[in-house]
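Presented below is the structure to which this report refers.
The values are calculated or read from the model by the stated rules, or taken from the named source; none is laboratory data. Because the structure is a prediction, the values reported are computed rather than measured. Cβ placement follows ideal geometry from the backbone for every residue including glycine, while neighbour counts extend to all protein chains displayed.
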Amino acid sequence: MLLARLAFLVMGAVVLLGCMDAAAASGADADNGKNILLMKNGGVILAHTGQYDKEFPANAMIEGNLLNYWASGKPGLRGWSPQSFVIELDRQYELTRLAVDNREIDEEAYPGVSARKIRFSASTTSSQAGWEPVVSMEAAQFSRKEIVLEKPVKARWLKIEILSNYGNEYYTEINELEAYGKPVGEPEPFLDPNGVYQTNYKALKLQVDGNKVTGCYELDKGYVHGTTNGRVFDIEWIEHKGEEHGRALLVLSSGGFLNGLWYEKGIMKGPWFGNKLKDQHAFECDPISAAIDVGFKADTIVNQ
């Protein structure tokens, strides 16, 4: 009798796991397995309640790299408080799956720091109104948790609220946020990216020609160049006669807010963000002159 019961339990577990795998596979087939929150896919954080510092920025949650993660801001007298984030997608989607990844955060040094209860809301109206509840879920401690929605939910903006963690009094952390879904309708045209942005590293000027982007920035008289689809900018920054250089991944929201991360020697250094200025003459710079100043030759610039 005992052996028969054990065999029954094992078979039941196999069937249950099979059903879970089938559900996840079905969801992945429906949404092509593309995390639409990632910066490289056009996701951009518009607002957040806090981050510890530039080494643990909110943007790390939509970077797609488990080596980096978000940590809540320095605690007040009563410890950490609930946190929230607003993310704009590149277009409207029908959401099918959501996930929270806590696998590589600092749980060993700060036990209980994993985000726990998380509430998702969606809007198709704006980033400040029209919020409808999607789901509340309990993220896994030091692990990844994914849920399949009972029915698809339309969203252009997502609000994520972290309501609790696993017991740490002072901090909360998340590695990655994920959302999957199918595009709805025709995409809206992207905002014209040409112009000047007032950023946390002073003024940045971008000039776009097709899928190519060049520009210059005020701090250290730097030069940038790279590729873009009009919303996502994958660029190289260069300054100090070419002695310092690295990469940046920036995303332009529908409202003119540019936000992303910059890197040096492959290491994430922090956020780079700012608003597009209405006065296009607020910062004068010539990308070609800036390129020559950092060591580019004229023929190299023309052939970029």
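Quick notes on this one:
- A residue that is buried (at least 23 other Cβ atoms within 10 Å of the Cβ), assigned by TED's automatic domain parsing to the domain that holds GLN51 and closer than 22 Å to ASN41 by Cα occurs nowhere in segment 215-228.
- Only one of the numbered conditions (1) without any contact (Cβ under 8 Å) to a residue 60 or more places away in the chain; (2) surrounded by 19 or more Cβ atoms within 10 Å (Cβ to Cβ); (3) part of a loop (DSSP other than H, G, I, E, B); (4) not hydroxyl-bearing (Ser, Thr, Tyr) is violated by VAL153, and that is (3).
- Reported count of residues in segment 203-213, each being surrounded by fewer than 21 Cβ atoms within 10 Å (Cβ to Cβ), in contact (Cβ under 8 Å) with a residue 60 or more places away in the chain and within 23 Å of the chain's Cα centre (by Cα), is 2.
- Residue tally, condition among the hydrophobic types (A, V, I, L, M, F, W, C) and part of a strand (DSSP E or B), over segment 183-205: 3
- Top-ranked residue in segment 236-290 [being more than 22 Å from PHE190 (Cα to Cα), under 19 Å from the mean Cα position of the chain (by Cα) and hydrophobic (A, V, I, L, M, F, W, C); ranked as surrounded by the fewest Cβ atoms within 10 Å (Cβ to Cβ)]: ILE267
- Looking only at residues in segment 97-115 that are touching a residue at least 24 places away in the same chain (Cβ under 8 Å) and surrounded by fewer than 20 Cβ atoms within 10 Å (Cβ to Cβ), the one that is nearest to the chain's Cα centre (by Cα) is ALA99.
- Test result for ARG247, under 27 Å from PHE56 (Cβ atoms), of a type in the set (Lys, Arg) and free of Cβ contacts under 8 Å to residues at least 60 places away in the same chain: yes
- Some residue of segment 37-49 being over 21 Å from ARG231 (Cα atoms) and not assigned by TED's automatic domain parsing to the domain that holds GLY255: yes
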